[in-house]
1. Only residues in the stretch 279-305 that are closer than 23 Å to MET111 by Cβ and assigned to a helix (DSSP H, G or I) count as the first member; pair them with residues that are open to solvent by 50 Å² or more (accessible area, probe 1.4 Å) and within 16 Å of ligand 2 (Cβ to nearest atom), Cβ under 7 angstrom, at least 6 apart or cross-chain, and list the lot.
2. Looking at the stretch 117-127 only, could you name the residues that are crowded, with 24+ Cβ neighbours inside 10 Å and more than 11 Å from ligand 1 (Cβ to nearest atom)?
3. Scan the stretch 128-145 and give yes if some residue there is assigned to a helix (DSSP H, G or I) and either away from ligand 2 (no atom under 15 Å from the Cβ) or open to solvent by 20 Å² or more (accessible area, probe 1.4 Å) (or both), otherwise no.
4. May I ask you to list pairs of residues, at least six apart or on different chains, whose Cβ atoms are under 8 Å apart, with the first in the stretch 223-239 being under 11 Å from ARG193 (Cα atoms) and the second being hydroxyl-bearing (Ser, Thr, Tyr)?
5. Pull up the stretch 182-203, narrow it to residues that are crowded, with 20+ Cβ neighbours inside 10 Å and within 24 Å of the chain's Cα centre (by Cα), then point me to the one that is farthest from CYS235 (Cα to Cα).
6. Given the residues ALA98, ALA105, ALA86, ALA74, which is the only one that is open to solvent by less than 20 Å² (accessible area, probe 1.4 Å) and under 15 Å from GLY14 (Cβ atoms)?
7. Taking the criterion of being over 30 Å from LYS167 (Cβ atoms), out of contact with any strand residue (DSSP E or B) (no Cβ under 6 Å at 6 or more places or on another chain) and either among the hydroxyl-bearing types (Ser, Thr, Tyr) or part of a strand (DSSP E or B) (or both), would at least one residue in the stretch 112-127 satisfy it?
8. In the stretch 263-278, what residues are open to solvent by 20 Å² or more (accessible area, probe 1.4 Å) and assigned to a helix (DSSP H, G or I)?
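The values are calculated or read from the model by the stated rules, or taken from the named source; none is laboratory data. Keep in mind that what you see is a predicted model, and the values were worked out from it rather than measured. No Cβ is skipped: glycine too gets one built from the backbone with ideal geometry, and neighbour counts run over all protein chains shown. The area values use the complete protein model at the heavy-atom level, side chains included, leaving out ligands, DNA and RNA. Shrake-Rupley method; radii C 1.70, N 1.55, O 1.52, S 1.80 Å.
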Amino acid sequence: MRVLGIESSCDETGVAIYDSEQGLLGHELYSQIQVHSEYGGVVPELASRDHVRKLIPLIDSLLKSCDSEDRIDAIAYTEGPGLIGALMVGACAGRALAYAWGIPAIGVHHMEGHLLAPLLEDSPPSFPFVALLVSGGHTQLVQVEAIGKYTLLGESLDDAAGEAFDKAAKMMDLDYPGGPNIAKLAEHGSAERFKFPRPMCDRPGLDFSFSGLKTFTLNTVTKHAQVNGLPDDQCCADIAFAFQEAVVDTLVIKCRRALQACDYSRLVIAGGVSANKRLREKLEAALAKMNATVFYARPELCTDNGAMIAFAGHQRLQAGLSSDLSVQVKPRWAMEDLPPLDSVNSESEGA
Ligand code: KG4
Ligand code: ZN
């Protein structure tokens with residue numbers, strides 16, 4: 001089965017083709033970063049309009065480059081969660097193309113897409129595992145028994161980890177999205193200068209809170225601000241370092257706790273923040289000490305992309321599921337509400 005995947009939940013237009021036998025045939029991405037950069041964050045209406053402009057040419061180019069113009073068997077599109085207008089563009093295009101081509105279509109949960117992306121890599125994790133989903137909108141620890149069998153173990157009570165990165169970056173006048181820019185700046189930061197708090201780590205539980213850390217960062221920036229309103233370059237780098245260490249350490253502590261609570265030895269990290277090198281390094285070191293392994297996707301499949309939607313849709317389509325002709329999108333959607341896939345699960349257990 002050859003599936004065309006469409007991702008349009010936020011500010012990235014992503015398309016991909018996944019084939020049952022040959023795996024990922026290709027994927028293309030158009031990022032709207034430039035469109036939103038002058039506003040310091042995503043402007044929903046501009047996002048929808050840009051998806052309208054870019055989606056069909058992107059699909060066209062992908063079909064040609066993968067020599068798949070007449071060979072698509074099904075379409076998977078992101079149904080939610082995300083920005084309603086942006087989701088509508090991908091869902092309408094996907095549903096309409098499927099109708100015109102006389103093939104099935106399926107709406108995919110964006111976070112399930114992220115969660116399954118590491119399964120596209122060469123040594124995929126087998127089930128069960130704990131997943132840390134860290135994106136711009138979500139920070140969740142999930143017990144994953146099989147595809148579709150998800151139990152939420154903990155989540156952020158306020159800002160998501162990626163959102164905290166973005167806001168901290170903005171305080172230091174760094175461009176959106178802030179995560180990669182903070183990470184880059186932190187490479188020149190000193191480990192000695194600042195120590196930021198590790199929120200909610202001194203009490204039991206698997207929830208997170210990043211808003212206090214955000215305030216702490218703002219206070220540090222303000223305290224060291226000079227005439228231009230910003231600390232000097234070295235001080236910004238030191239703040240970026242301390243901020244990143246605090247987020248990473250907090251995530252590592254909670255991941256270890258979650259693995260112990262489930263008595264699992266595999267951790268999957270997914271979503272934009274899982275591209276963070278420091279997070280990968282520190283998790284690898286911490287998990288090695290407990291004989292556990294961390295799995296993640298290549299960086300381009302950590303942030304939003306069409307490949308994860310094509311793959312997640314493929315798993316559900318293969319299990320016989322598909323969506324009806326109505327176009328539905330779900331701006332808010334709990335992953336636990338997804339049905340489990342028994343037929344796919346039994347295949348994956350030996351993976
Ligand atoms: O998964 P994603 O592309 O979109 C959502 O579903 O939200 O995640 C985007 C988030 C942004 O907040 C961005 O700052 C963050 O992921 N991010 C990073 C890195 N790359 C992207 N955060 C920290 N370090 C990175 N290298
Ligand atoms: Zn995402």
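1. Note: pairs meeting the criteria are ARG280/TYR296.
2. To start, the set of residues in the stretch 117-127 that are crowded, with 24+ Cβ neighbours inside 10 Å comprises 117-118.
Selection gives PRO118 alone.
3. Quick first cut of the stretch 128-145, residues assigned to a helix (DSSP H, G or I) only: none.
Among the residues of the stretch 128-145, not one is assigned to a helix (DSSP H, G or I) and either away from ligand 2 (no atom under 15 Å from the Cβ) or open to solvent by 20 Å² or more (accessible area, probe 1.4 Å) (or both), which makes the answer no.
4. Taking only residues 6 or more apart or on different chains, the pairs are GLN234/SER190; ALA237/SER190; ASP238/SER190; ILE239/THR217; ILE239/THR220.
5. Of all residues in the stretch 182-203, those crowded, with 20+ Cβ neighbours inside 10 Å come to 182-183, 185-186, 189, 194, 196, 199-200.
Imposing the further condition that a residue be within 24 Å of the chain's Cα centre (by Cα) reduces the set to 182-183, 185-186, 199-200.
Numbers: ILE182: 13, ALA183: 15, LEU185: 10, ALA186: 10, PRO199: 22, MET200: 26 Å.
Top of the filtered list is MET200.
6. Values: ALA98 fails: under 15 Å from GLY14 (Cβ atoms); ALA105 fails: under 15 Å from GLY14 (Cβ atoms); ALA74 fails: under 15 Å from GLY14 (Cβ atoms).
Residue meeting the stated conditions: ALA86.
7. Yes: one or more hits.
8. From the stretch 263-278, those open to solvent by 20 Å² or more (accessible area, probe 1.4 Å) are 263-266, 272, 275, 277-278; that's our starting set.
If the condition is that a residue be open to solvent by 20 Å² or more (accessible area, probe 1.4 Å) and assigned to a helix (DSSP H, G or I), then GLY272, ALA275, LYS277, ARG278 are the ones that fit.
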